[in-house]
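Encoded as C-alpha cells, the structure appears first; notes follow it.
Just so you know, all these numbers are worked out from the coordinates, no wet-lab data involved. Not measured: the values here are computed from a predicted model. As a convention, Cβ positions derive from the backbone with ideal geometry for all residues, glycine included, and neighbour counts pool all protein chains shown.
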Amino acid sequence: MALCGNKTNTIESPPSTVLSLNLAGLPDVVRQGNLRLKGARFRIEEARARLKVAGRWQNPTVQTDYQDDPNRAEFSAGIGLNQAFPITSRLRLEKEVSASLLAAATMEVANEERLLIAVAKTVAVKVLALAEQKRLRERQLEIARELTSFAEQASAKGEGSPLDTGHARLEETQLKLEIHHQDHEAQRIQGDLKQLLGLDPSVVIKMTGGLPAPTVIAEGTLELERRPDYQAAKRLAEAASHEIQLERARRWRDATLGLFGRHVREEDVPQGFQTEPRVGIQLSMPLPLWNKNEGAIEGKTAQAARLEQSIRALENEIRNDTASAGEMMTILAMHVGEIQSELLPAVSEHVRQIDTAYRSGLVDLQTLLRGRNQQIEIEIRLLDAVRDYYLARVRYETAIGKFDWWNDDEKRDLLGGLVVGSFGFGAGCEAGWGCPTASHSRSGECG
C-alpha cells in the first residue's frame, strides 16, 4: 500500500502596494477615494433630479363618452380635453424650494467631506507621531541594553548588586513591550486610515514628511460662510421660508379648464331625426371654504423657526470651537518653544558635561547612560506636545472650514526640505503644514 504524504496548502497573500502620502495631499486623496463620500454625492443627483420635475404643470387629461339608444336609433358621442393650472405662484415656489434643497444637499456633502478630512488628518498626525515615538523608544532600548550589560558586568566583578541587574532587565523588557504596543497601535491606525481613503487592505500606507515645529497662527476674522454645514443650515432655512409661502399658495387648489366637443343624433318630433355638433368650454374652481391648509402652514412656520434657532446655535458652536482650538494651539506652541529653548538645551548641556566627566573617569557608564535616557524622555515630551498641537490645529482647521490655509512663507518652507534638529521633526518637510523658521529649530534651516 502506497502512503501519500500530506501536502500543506498555503494561501499566498497578494503582493502589497506601498502608497506614499503626506499631510498636504491627504485632503485630495480623501475626496477621490472615500467610498462613503462617493455614495453621499448621489444625494446631490437625487436633489437635482427633483429640481427638474419641480414647478411643472400637471399633464392634461382626455375624456370621451358615447351613449346609444338602439330602440330609437339615437346616439351621442363626445370628447373633451381638460387642463389643470395654478391660480397662485405655487409652481414658482416649488422650483425655489427644490433649488434651495439642492444647494443644501451640496453643502451637506461638502460638510461630510470636511469631517472626513478632519478624521483622516487626525489619524495621519497620530501615525507620524507614533513613528517618531517608536524611533525614540528604540534609542531608549539601546541604552537599556547597555545598562543591562553594564550591570551584569559589575555584578560579575562583585562591584554591583544583582538587584541592579534585575532592575535593568525589567526596564529593558518594559521598553520592548511598549515598542510592540506602538507597532500594534500603528497597525490599527493604518487600518482606520485605509478605510477613510477607500484603499484595499493589502495596501501599505507610508506617511512621508513629519511634524514641523509649531508656530503661533495669527488670528483673523472668522468667516462663517466657509463652513459648509453653516451654509447647508441657511439653505434649509431658506427652503423652509419658501415652503411657508408654498403652503399658503396651496390653499387654492388648481383650477381646471376644459374644452369639449359632442356629436348628437336625436329624434325631434315632428321633424324627425336630426344630427348636430356641439362645442363647449367649462371651468372648475375649487374654493377654500372648509380646508384652508392651516395645519401645514403652522407646521412649516414652526420648522422655519426651529431651523433659524439651529443656525444661531451652530454659530455659537463654531465660534467656541474656533476660540478653544486657537487658544490650545497658542498654549501648546508656547510649551513647545519652552521645551526647545530652555529644557532641551539644558538637558543637552547636562549630558555633554556628563560625557566629558565620563571620558575623564569622574563618573561611571551607568550615570552617562541614564543622562542620555533622560534626554530622550525630554524629546518624547516635546514630541507629545508637537502632536497635541497638530491635533488642535486639525480641530482649528475643521472649525474654520479651511484646510489649505498656510501662508506663502510656509509654502516656501514646505518646498525647502527642512529637517528640524537631531530628533527629526519635519524630516523632508512634506507634512502639509509649514516648516518652522530657523528660530524654532535647533540646527536646521529651510533650504
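Computed values, structure above
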quantity	calculated
Virtual spin-label span in nm between Glu342 and Thr275, 7 Å along Cα→Cβ	11.2
Those trypsin sites (Lys or Arg not before Pro) in the stretch 103-159 that DSSP places in a loop and that have at most 16 other beta carbons within 10 Å	Lys157
Cα-projected label distance for Ser284 with Phe85, points at 7 Å along beta-carbon direction, nm	1.7
Coil-residue GluC sites (Glu not before Pro) of the stretch 130-160, DSSP, other Cβ within 10 Å capped at 13	Glu159
Principal axis dimensions, the stretch 223-294 - Cα atoms, whole angstrom, descending	89, 28, 11
The stretch 179-231: GluC sites (Glu not before Pro) in DSSP coil with no more than 16 other Cβ atoms inside 10 Å	Glu219, Glu223
Of Lys121/Lys206; Lys234/Lys300; Lys52/Lys292; Lys126/Lys194; Lys38/Lys234, those spanning more than 22 Å from alpha-carbon to alpha-carbon	Lys52/Lys292; Lys38/Lys234
Charge context of Ile311, other residues only, Cβ under 14 angstrom, K/R +1, D/E -1	0
Net charge contributed by nearby residues that have their C-beta within less than 13 Å of Val109 (K/R +1, D/E -1)	+2
Amide H contacts under 5 Å for Met207, placed H, 5+ residues apart	Leu21
